[in-house]
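Everything on this sheet refers to the single structure shown next.
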């Protein structure tokens, strides 16, 4: 069966309705499911990351964008029931032994969080904390560790690196502490850096610096980066590919250039319309009616259906699968329409 | 012309902190010579990064903190000392909204009780009338009587912020000071609260001092914008003027940092971070980070001047550029 889309792109049935062909993925998440006390919060999530890719994950609170990565790295508390497969270059991480995970966490996959001040030890000098990571992951000792620590501080753009090594976290600003966290994440020379809202707690001008730094480091080291954020603007400017999550599922997977220009899923369109524009006349903000459903009381079909302005009868019968709607663009929605036109100001934004 | 609901005339606020137990006292200028007025029925957006003094300015506007210099006027009258009976009376007319609604609400009291409480305190009418008034204001922010019976944790984030708004509006204030009111909310919820504020302003003629670091939201809601840096206002004027033709290099950088704004061709990446107000650089406080700083900027503090009608800037260069443009005409 071949479906012809108004955009002129033909797709053959289900066979191609998979993620776009990637080179051997660096990390592949297959059918990941997470339950807390019998309440399912991640519903069979599939995701692939290519080596060196910069992937954005966007979603509102409760969408599972952080839990996915905590589950993949075995960082959730014991009461969470995790199933599925998380393959790092073919090696299954879920249920792996503690010693295997220790070889992975920090060494091959590093993670940074929103609040750098609470992630650092307040009574230890930041240089010592960084050296600790170097000793652990790279086996460096003494002067070699200190020299490497200084090199990393230079790399992340901490001014006066040698002196900063002896500072305590409280002596540094929020942006500087986040740079220390990034340096620590780089200590193990990871293949993948997961950055969970790394700039949310920072000032706007500092946010711009940190995002710029993440991009530069990715180019220099060739590691892949997953940037988790609630901010569509940040994601679309920084990442090449974007995954939109809603209620523990991926609802859209698209190259970033299409995200602002012609979002596919009604939820993504709703999110974009709710964002105040920065050019053109002021118009009333569109809102998404209702609220995110309680994970214990999920609707039978599409989780977004109760709030969706384009709801059809099929939406309540089954959860739509993530399927290709146009070249390289996937959405989990039964409405098989062509990419919708969006207001002019968004198109202008995407060109800028 | 009637006096504006809120006027700050050259207000300053200093704090003294000590370096170590027996250290020398260190004076920090949190707010330094700020003048600002909020016209009746309009919204002024106060924009700046952390430590810029925007929250302190908001607190002084409501009299929570007395200014060390200058004066805060409401309708041309000085704001009374905090805690005095006159101040309590005035506070019914000027209310504050904070960032975190869960922290602003009492977790153990039903919403209706909390919304009615200001009327109880100000002894407005009889008990029945107060309850009716509270229900009416809940209704006006889109909450029903059934929400009034719930506790804060039983509401969603957006509903909680609506409840906080209802509580502030129940005394029929003329002025709202909103300190980052939507920063903790998700995008779709944020849009609901922003729309609600715009509607309420149109319906009730509210004046709003809107403190935020989010230029998108500020653009949506404000008639005028004041940009603060390290305790001083560096640029002030009509929203479209400031965002469309920013004259101060700091404002230009702030605007260029708005993701996917569609405005900037190239992002201006500032060096360094906002300095601490306790170590205020000489001259123009922005000069160590300014991409266009000259020798004059390190030596001389720029004075706020009007570059064209209603557009004020405190920058040596912006004034030079404006003057040159003026001379050429």
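Can you tell which of B:58, B:76 is farther than 26 Å from residue B:229 by Cβ, outside the structural domain of residue B:155 (by TED's automatic domain parsing) and in contact (Cβ under 8 Å) with a residue 24 or more places away in the chain? Outline the logic, then answer.
Values: B:58 fails: farther than 26 Å from residue B:229 by Cβ.
After ruling out the rest, the residue left standing is B:76.
Looking at the structure I just gave you, is residue B:142 within 14 Å of chain A (Cβ to nearest Cβ) and not in a helix (DSSP H, G or I)? Walk me through how you get there before you give the answer.
Working: within 14 Å of chain A (Cβ to nearest Cβ): yes; not in a helix (DSSP H, G or I): yes.
When the stated conditions are applied, residue B:142 passes them.
Would you confirm whether or not the stretch B:17-38 contains a residue that is within 14 Å of chain A (Cβ to nearest Cβ) and at pLDDT 95 or above? The answer is no; no qualifying residue exists.
Scanning the stretch B:60-110 for residues that are assigned to a strand (DSSP E or B) and in contact with a helix residue (DSSP H, G or I) (Cβ under 8 Å, 6 or more places away or on another chain) gives B:72, B:74, B:94, B:95, B:96, B:97.
Under the condition of being in a loop (DSSP other than H, G, I, E, B) and free of Cβ contacts under 8 Å to residues at least 24 places away in the same chain, which residue from the stretch A:263-282 is farthest from the other protein chains (Cβ to nearest Cβ)? Even if it seems obvious, please write down each step before you answer.
Within the stretch A:263-282, the subset in a loop (DSSP other than H, G, I, E, B) is A:263-265, A:275-282.
Subsequent filtering for residues that are free of Cβ contacts under 8 Å to residues at least 24 places away in the same chain retains A:276, A:281-282.
Details: A:276: 4, A:281: 10, A:282: 6 Å.
Checking each candidate, the answer is A:281.
Considering the stretch B:215-236, the residues that are within 12 Å of chain A (Cβ to nearest Cβ) and touching a strand residue (DSSP E or B) at 6+ places or on another chain (Cβ under 7 Å) include one that is surrounded by the most Cβ atoms within 10 Å (Cβ to Cβ), namely B:227. Identification of helices (runs of 4 or more DSSP H) wholly contained in the stretch A:180-262 with 1 or more residues that are more than 12 Å from every other protein chain (Cβ to nearest Cβ) and touching a strand residue (DSSP E or B) at 6+ places or on another chain (Cβ under 7 Å) yields A:204-221, A:256-261. Could you check the stretch A:281-298 and list, in sequence order, the residues that are surrounded by fewer than 16 Cβ atoms within 10 Å (Cβ to Cβ), under 26 Å from the mean Cα position of the chain (by Cα) and under 14 Å from residue B:194 (Cβ atoms)? Within the stretch A:281-298, no residue meets the criteria. Conditions: (1) at pLDDT below 90; (2) surrounded by 14 or more Cβ atoms within 10 Å (Cβ to Cβ); (3) within 12 Å of chain A (Cβ to nearest Cβ). Residue B:276 meets all but one. Number of the miss? Failing condition for residue B:276: (2). Among the residues of the stretch B:188-202, those that are without any contact (Cβ under 8 Å) to a residue 40 or more places away in the chain, surrounded by fewer than 20 Cβ atoms within 10 Å (Cβ to Cβ) and either more than 8 Å from every other protein chain (Cβ to nearest Cβ) or in contact with a strand residue (DSSP E or B) (Cβ under 7 Å, 6 or more places away or on another chain) (or both) comprise B:199, B:202.
Do we find a residue being under 24 Å from residue B:230 (Cβ atoms) and within 14 Å of chain A (Cβ to nearest Cβ) anywhere in the stretch B:80-103? Checked against the condition, which is being under 24 Å from residue B:230 (Cβ atoms) and within 14 Å of chain A (Cβ to nearest Cβ), the stretch B:80-103 yields at least one hit. Name the single residue that is farthest from the other protein chains (Cβ to nearest Cβ) among those in the stretch B:237-252 being surrounded by 23 or more Cβ atoms within 10 Å (Cβ to Cβ) and under 18 Å from residue B:37 (Cα atoms). Looking at the filtered set, the residue picked out is B:237.
The values are calculated or read from the model by the stated rules, or taken from the named source; none is laboratory data. Please read all numbers here as calculations on a predicted model, not as lab measurements. Cβ: placed from backbone, ideal geometry, glycine included. Neighbour counts: every protein chain shown.
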